[in-house]
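Remarks on the structure that follows.
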Amino acid sequence: MVDIVLGFDFGIKRIGIAMGNTLTGQAQPLSVINAVDNTTRFKVIGDLIEQWRPARLVVGEPRHPDGAEHDMTLRARRFANQLHGRFNLPVELVDERYSSAVIPAKRGEIIDAKAAAIILQQYFDDHANSY
């Protein structure tokens with residue numbers, strides 16, 4: 001069975017979103033939510049969930065390079081918990097250290113969806129033998 005998976009790069013100003021499936025195990029950038037209010041954010045996410053019908057969601061969990069937690073770690077976990085509570089889908093956290101650092105970007109380019117794709121690809125790579 002092929003399952004769709006949506007991946008999220010959570011940020012205070014923007015949320016990057018990627019999608020992929022368990023057949024190919026390949027993630028691709030999907031969109032960026034440019035909203036800071038939760039009402040708009042969760043409306044857009046709800047529309048994407050309705051459109052793609054994912055089996056699960058993946059959220060990047062930011063950490064310091066040494067693995068220590070920081071403020072955004074807790075915010076990303078809270079976001080993951082909110083996704084689970086609102087949409088009743090399994091949500092997994094993936095270590096996202098360096099996800100944005102490996103993306104070649106031009107100054108001012110919004111890379112959040114690309115970062116979400118890297119996070120989701122990490123999930124697929126880590127779970128390749130689980131499908």
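Distant-in-sequence amide contacts of residue 58, defined by a placed amide H-H separation under 5 Å and a gap of 5 or more residues or a different chain, comprise 6, 7, 8, 92. Counting protein heavy atoms only, the chain has 50 percent of its accessible area on carbon and sulfur, 1.4 angstrom probe.
Based on Cβ point charges of +1 for Lys and Arg and -1 for Asp and Glu, what charge dipole magnitude is obtained for the chain about its Cα centre, in debye rounded to the nearest 20? Spell out each step's value before the answer.
Values: 15 positive and 16 negative charges, 82 e Å.
So the dipole magnitude of the chain works out to roughly 400 debye.
For the residues 29, 65, 90, a GNM of the chain with alpha-carbon springs under 10 Å puts the largest fluctuation on 65.
Rounded to the nearest Hz, the phi-derived 3J(HN,Hα) couplings of region 21-34 under the Karplus curve 6.51 cos²θ - 1.76 cosθ + 1.60 (θ = phi - 60°) are 9, 6, 6, 8, x, 10, 9, 9, x, 10, 6, 10, 9, 9, where x marks glycine and proline.
Residues whose amide H comes within less than 5 Å of that of residue 3, counting only those at least five positions distant or on another chain, are 22, 23 (H built at 1.01 Å from N in the peptide plane).
How would you order 8-14, 122-128, 56-62 from highest to lowest mean count of nearby Cβ atoms within 10 Å?
Details: 8-14: 20.3, 122-128: 15.9, 56-62: 24.0.
Result, highest mean first: 56-62, 8-14, 122-128.
Amide H contacts under 5 Å for residue 11: 16, restricted to partners 5 or more places along the chain or on a different chain, H placed in the peptide plane at 1.01 Å from N. Average accessible surface for the chain: 56 Å² per residue, computed with a 1.4 Å probe over protein heavy atoms with every protein chain in place.
The values are calculated or read from the model by the stated rules, or taken from the named source; none is laboratory data. This one's a predicted model, so the numbers in the text were calculated from it and none came from an experiment. FYI the Cβ positions are ideal-geometry reconstructions off the backbone, even for glycines, and counts take in every protein chain you see. Side chains are part of the model used for accessible areas, which takes the heavy atoms of the whole protein and leaves out ligands, DNA and RNA. Shrake-Rupley method; radii C 1.70, N 1.55, O 1.52, S 1.80 Å.
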